[in-house]
Every structure is written in structure tokens, then in C-alpha cells.
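What follows is one structure encoded as C-alpha cells, with my remarks underneath.
The values are calculated or read from the model by the stated rules, or taken from the named source; none is laboratory data. Just so you know, these numbers come straight off a predicted model, no measurement behind them. All Cβ positions, glycine included, derive from the backbone under ideal geometry; neighbour counts span all protein chains shown. We work out accessible area using only protein heavy atoms, side chains counted, and drop any ligands, DNA or RNA first. Shrake-Rupley method; radii C 1.70, N 1.55, O 1.52, S 1.80 Å.
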Number of protein chains: 2
Amino acid sequence: MSTAEETAGGETSAWGEVTPDAARRLLIAAVEAFAERGYHATTTRDIAGRAGMSPAALYIHYKTKEELLHRISRIGHEKALEILQTAARREGTATERLADAVSSFVRWHAGGRTTAKVVQYELDSLGPDARAEILGLRRQVNAEVRGIIEDGVASGEFDVLDVQGTTLAVLSLCIDVARWFNVNGPRTPDEVGVLYADLVLRMVGGAK
Amino acid sequence: MSTAEETAGGETSAWGEVTPDAARRLLIAAVEAFAERGYHATTTRDIAGRAGMSPAALYIHYKTKEELLHRISRIGHEKALEILQTAARREGTATERLADAVSSFVRWHAGGRTTAKVVQYELDSLGPDARAEILGLRRQVNAEVRGIIEDGVASGEFDVLDVQGTTLAVLSLCIDVARWFNVNGPRTPDEVGVLYADLVLRMVGGAK
DNA sequence: GGGCACGCTAAGCGCCCGCTCAGCTTCAGC
DNA sequence: GCTGAAGCTGAGCGGGCGCTTAGCGTGCCC
């Protein structure tokens, strides 16, 4: 069912930085539980149980349940930002860089749906301080995409009236993949990435 | 603040069918609370308090807290479906009907963001039976949009490779407006509707 | 004006939540 | 073989949750 296998699919590697081992197992258990039921519907007993531990063990590695969500959210946002930065800063035309950014960003949201769902949809469950920190990362994410679109407009590759509105729409489209993507559905993450890159290029009036 | 004013903005009229008055006030209070905090983080005491009643009053009009969410979700999905059906079945080309569908659908999600957020993002908080009923309505929503796109492909107006994939993307784009739209932001619901209609027509390779 | 149905409240039941703490086990250092 | 630190558990705390119940006030029928 939804064992480590599924979460592992895209990015257990991403949790490699979390040590010690017990803390990582708890974090992965929390990602799965939050993704399945939502942050508020998940109990600390459930998280500990999935990690094969007693409820008290959680509090040796994390101060509160919210700290778990905060850590997940920050690591996830950093990964998402890194993906966009890699695509934005490579060599190539704006068209190539936008297609690359969208397809890899979408691939991450589809393949790592479990993580992405928590990262993108549980922002409001964080307290004000943690939320503010994450919003800073989200502004950087927005800036990367807007930058590529501005480059394309400047070079004449794209035809866009409302750059910020289009940026918002492109990001929204990609992020929402985490909500509807079905691992057992007809499309692979790669296929969705390719489809979405095409759709986004059409949105900016590029390639044809 | 977030008084009845905000919710009223788009569609208090939509709750007109809910009687008696006390039941409607409780339902509107629940919509606001669920939108602000999420279903699981909202207490029945909070809902009753917002409606100016004691916690016990809620149970005279609704059997459980979940019944409130179920009623909100069904009425909201019926309204969303009605909006798309109206656009899909009017006179006009596929291009005109798709633009109309997207702009009015988006206008509803932006203007009635409070309701739309609950309707679109709290589906998983419903029990299996209620969830299954709502999923039926969502399939009808999908079918309306796919119908317009198929018409446009048949008439040669649109150039779409993956009809179902594009349908999913169009709906996803429109629905996600409820997540990011800010009432105090720079754009009115009308403006977002117009922008999105343009973006979607580009996605299907239509109008220029 | 007596009886009663209806809408509501005050009080509180039983449960399970996030979180704590005393104490057990394991193992490295000597 | 003893000691201390680290990692974990069993038991349980205070509190807030969804929901219930006994009873009060009000207005309608006769």
C-alpha cells in the first residue's frame, strides 16, 4: 500500500540530510500521515506508530508536532526552489529554460506527490513565524519563474500581457498537480511534465 | 474583518435555499471557519459562537459536524456545475463557450473564495459515502469542460493532443484560484476571469 | 389562560488529544 | 564491572473535543 516505497519513489534521498536515523523515520512517517489525513487530523500517536515507536519517542527528536511540519515544509520548499533555479540558470533560450523548469517542477510534484501535497497545502497549519519563513522561500520560487518569463518577453520569444498574473497561473498549474495526480492513474510523472511544458509554452505565446 | 460581508460578496444568495434562518446562519458560520482554519482545526464551539448561538444549538439543525461540511460541499459543487453547464449549453462557437465557462468559473472561485476553498479543498475530510456522492458531481464537472474542448477539436477551432489531460489542467488551473486569490490583492475576480480565459484559449491552441 | 410544541441554553459526559516524566535498557570509556 | 549518557517506553496529566440531555422561555391553538 502506501509504504515507504511510495514516498521513496521520488525523494527519500531528499531526507538524507535528516539525522539520526530515528528522526528521519519519524519525519517520513509524518509526511505520509499528513499527506493522507492532513496535519490537524493526524495524531502524534499515529506518526510514532508508523515509525514503529512509542508516542513519547517523538518528543526526543522534535519539540512539538508543528516542528515536524515546519521541517518538512522547509526541506520541501528548498528542494522545489533548487529545481527551478537549476532550470532557470542553465544555458539556453527562455523557451528551453521555461520548458525545463515546468517539466522538472511538475515531475517533482507528481512523483513526490506525498511530500508535495504536505509542502504545498499545509502552509496554513504552521504558526505565524514558521509561516513567514516559508513565505520567503515561496517569493523566491515566484521570482525564478517570473525571471524566465521576463527574459522571454524581452527576447521576443514570448507574448505576455500580464507577466505577474501569468507567473502566478503557471505556478498554480504546476503546484496543483500534487492535489490531483494519481500514482495508479494513466499518466507517469514524466508524461505529465511533458504535457504541462507544452501547455505552459502555449500560455506564454511561445513555440509553435 | 471576515464578517458575513466577505462571504456575502459572491453568493450568500446561494445559501438562500437553506432554511430555517438559524440553520443558514450556522452554515455560513461553518463556511467561514472551515475556510479560515480548515475542517479539522475548526471546533463546533467556534461555529456556534460565530452564529451567535450555544454549542448545543448546532445539533438541533445538523446531526454532526460532518453533515455541515457535506451540505456545504454539495451545494457548492451543484453551483459550480450549474455555472459550467450554463456556459457549455449556450449558443456560440466552442471558443466562445470555453472562454465563457472559464471566466465565469474563475470569477466564482475568486469572488466566492471563502466557499470555494472549502468546497474544493476539504473533499478528503468527508466520510466515504459523502465523498463518493461529491465525486459524482466532480465527474460531471469534468465532463462539461471536456465536452466543450471536444467540440472545439471537432470543429477545428482547437488544436489539442491530449483532450483529457488538457481538461484536467484547465480545471486544475481554475480551481486553484481559490487557494491563492487575495481579496485585498491587485486583481478583481473579473480581471482574473478575463486573464484566465485568454490563457486557456492559448492552451487549446485557439484564438489569437 | 392552560397546554404544548419548538428552539434554545447550561451543564457536563466520555473520549482522545498533545505532551511529560520516571525509569529501563544499551553501550562506550576506563 | 562500574558509571554516565543517550534513546526509548509505559503510564498518565490536563485540557478541549464532539456530542447529549434536562429543562427553560416563548408563542400558537383552543
Consider only pairs whose beta carbons are under 9 Å apart and that are at least six residues apart or on different chains; among these, list those whose first residue lies in the range B:42-57 and is within 14 Å of chain A (Cβ to nearest Cβ) and whose second residue is near DNA strand D (Cβ under 8 Å from one of its atoms). B:THR42/B:LYS65; B:THR43/B:PRO55; B:THR43/B:LYS65
Of a type in the set (Val, Ile, Thr) and within 16 Å of DNA strand D (Cβ to nearest atom): does that describe A:THR114? no
I'd like to check something: does the range B:46-61 contain any residue that is in contact with a Leu (Cβ under 8 Å, 6 or more places away or on another chain), modelled with pLDDT under 95 and part of a loop (DSSP other than H, G, I, E, B)? yes
Within the bounds of the range B:170-178, is there any residue that is assigned to a helix (DSSP H, G or I), open to solvent by 30 Å² or more (accessible area, probe 1.4 Å) and assigned by TED's automatic domain parsing to the domain that holds B:LYS79? no
Of the numbered conditions (1) open to solvent by 60 Å² or more (accessible area, probe 1.4 Å); (2) in contact with an Asp or Glu (Cβ under 9 Å, 6 or more places away or on another chain), A:PRO128 satisfies every one except a single condition; which is it? (2)
So how many residues does the range B:15-66 have that are surrounded by fewer than 17 Cβ atoms within 10 Å (Cβ to Cβ), under 22 Å from B:ALA80 (Cα atoms) and away from DNA strand C (no atom under 11 Å from the Cβ)? 4
Just name the residue that is surrounded by the fewest Cβ atoms within 10 Å (Cβ to Cβ) out of those in the range B:140-166 that are within 20 Å of B:GLU78 (Cβ to Cβ) and within 13 Å of chain A (Cβ to nearest Cβ). B:ASN142
I'd like the full set of residues that are in contact (Cβ under 8 Å) with a residue 60 or more places away in the chain, under 24 Å from A:VAL192 (Cα atoms) and touching a Pro at 6+ places or on another chain (Cβ under 9 Å), limited to the range B:156-208. B:VAL177
So which of A:LEU199, A:LEU173 ends up being facing another protein chain (nearest Cβ under 8 Å) and farther than 29 Å from A:PHE34 by Cα? A:LEU199
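Kindly evaluate B:THR86 against the criterion of being away from DNA strand C (no atom under 16 Å from the Cβ), part of a helix (DSSP H, G or I), away from chain A (no Cβ under 14 Å) and surrounded by fewer than 16 Cβ atoms within 10 Å (Cβ to Cβ). Show your work before the answer.
Working: away from DNA strand C (no atom under 16 Å from the Cβ): yes; part of a helix (DSSP H, G or I): yes; away from chain A (no Cβ under 14 Å): yes; surrounded by fewer than 16 Cβ atoms within 10 Å (Cβ to Cβ): yes.
In short, yes.
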Give just the number: which of (1) under 12 Å from the mean Cα position of the chain (by Cα); (2) closer than 21 Å to B:LEU171 by Cα does A:ASP190 not satisfy? (1)
So in the range A:91-121, with the set limited to residues that are part of a helix (DSSP H, G or I) and in contact with a Gly (Cβ under 6 Å, 6 or more places away or on another chain), which one is surrounded by the most Cβ atoms within 10 Å (Cβ to Cβ)? A:THR115
